[in-house]
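Worksheet: the structure to be examined is printed underneath.
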Amino acid sequence: MGVLNAVNEWFQSQCDGDWEHDYGITIETLDNPGWSVEIYLYETELQDKPFEQIDEWNSDQDWILCKVENYFFKGMGDPKKLERILSIFVQWQQSET
């Protein structure tokens, strides 16, 4: 299964008639340039799941930061990192710990 399909399935599994009205997924561009992904975790099975922050800064053109704080999965990265950000979320979401 591809990364987009996995994110889509996770999103659909959260939609219960209420959650999707208040929470969801936001994907935006950054002006430095890059990507920003926020996935709201409140009232999901992930809201208290431990996540080890990923912070890789190789250069202004090669960087990624993923963390969980205040019930959000937050991923940011250079213009080539959108798929990796989503992959990190999916791998964490599907992991046992």
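The values are calculated or read from the model by the stated rules, or taken from the named source; none is laboratory data. Computed from a prediction, not measured in an experiment: that's the story for all the values here. Backbone-built Cβ (ideal geometry, glycine too); neighbour counts: all protein chains shown.
Descriptive notes on the structure:
- A residue that is in contact (Cβ under 8 Å) with a residue 12 or more places away in the chain, surrounded by fewer than 18 Cβ atoms within 10 Å (Cβ to Cβ) and in contact with a helix residue (DSSP H, G or I) (Cβ under 6 Å, 6 or more places away or on another chain) occurs nowhere in the range 55-68.
- Gly24 more than 19 Å from Gly2 (Cα to Cα) and modelled with pLDDT under 95: yes
- Failed item, numbered, when Lys81 is tested on (1) closer than 19 Å to Thr97 by Cα; (2) at pLDDT 95 or above; (3) among the charged types (D, E, K, R): (1)
Conditions tested, residue by residue: (1) on the phi > 0 side of the Ramachandran plot; (2) β-branched (Val, Ile, Thr).
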site	(1), (2)
Tyr40	no, no
Glu43	yes, no
Pro50	no, no
Ile54	no, yes
Trp57	no, no
Asn70	yes, no
Lys74	no, no
Lys80	no, no
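- Selection within the range 70-97: residues that are assigned to a loop (DSSP other than H, G, I, E, B) and among the polar types (S, T, N, Q). The member of this set that is farthest from Asn5 (Cα to Cα) is Asn70.
- Selection from the range 27-54 of residues that are over 13 Å from the mean Cα position of the chain (by Cα), loosely packed, with under 12 Cβ neighbours inside 10 Å and over 18 Å from Gln93 (Cβ atoms): Thr29, Asp31, Asn32, Pro33
- Set side by side, the residues Asn32, Asn5 differ, and just one is at pLDDT 95 or above and not in a strand (DSSP E or B), which is Asn5.
- Looking across Ser13, Ser36, one residue alone is touching a residue at least 40 places away in the same chain (Cβ under 8 Å) and among the small types (Gly, Ala, Ser). It is Ser36.
- Number of residues in the range 39-54 that are outside any loop (DSSP other than H, G, I, E, B) and either in contact (Cβ under 8 Å) with a residue 60 or more places away in the chain or not hydroxyl-bearing (Ser, Thr, Tyr) (or both) equals 2.
- Meets criteria (touching a Ser or Thr at 6+ places or on another chain (Cβ under 8 Å), modelled with pLDDT of 95 or more and either part of a strand (DSSP E or B) or more than 30 Å from Asp16 (Cα to Cα) (or both)) for Lys67: no
- Whichever residue in the range 35-47 is in contact with a Phe, Trp or Tyr (Cβ under 8 Å, 6 or more places away or on another chain) and among the charged types (D, E, K, R) and, among such residues, is modelled with the highest pLDDT: Glu38
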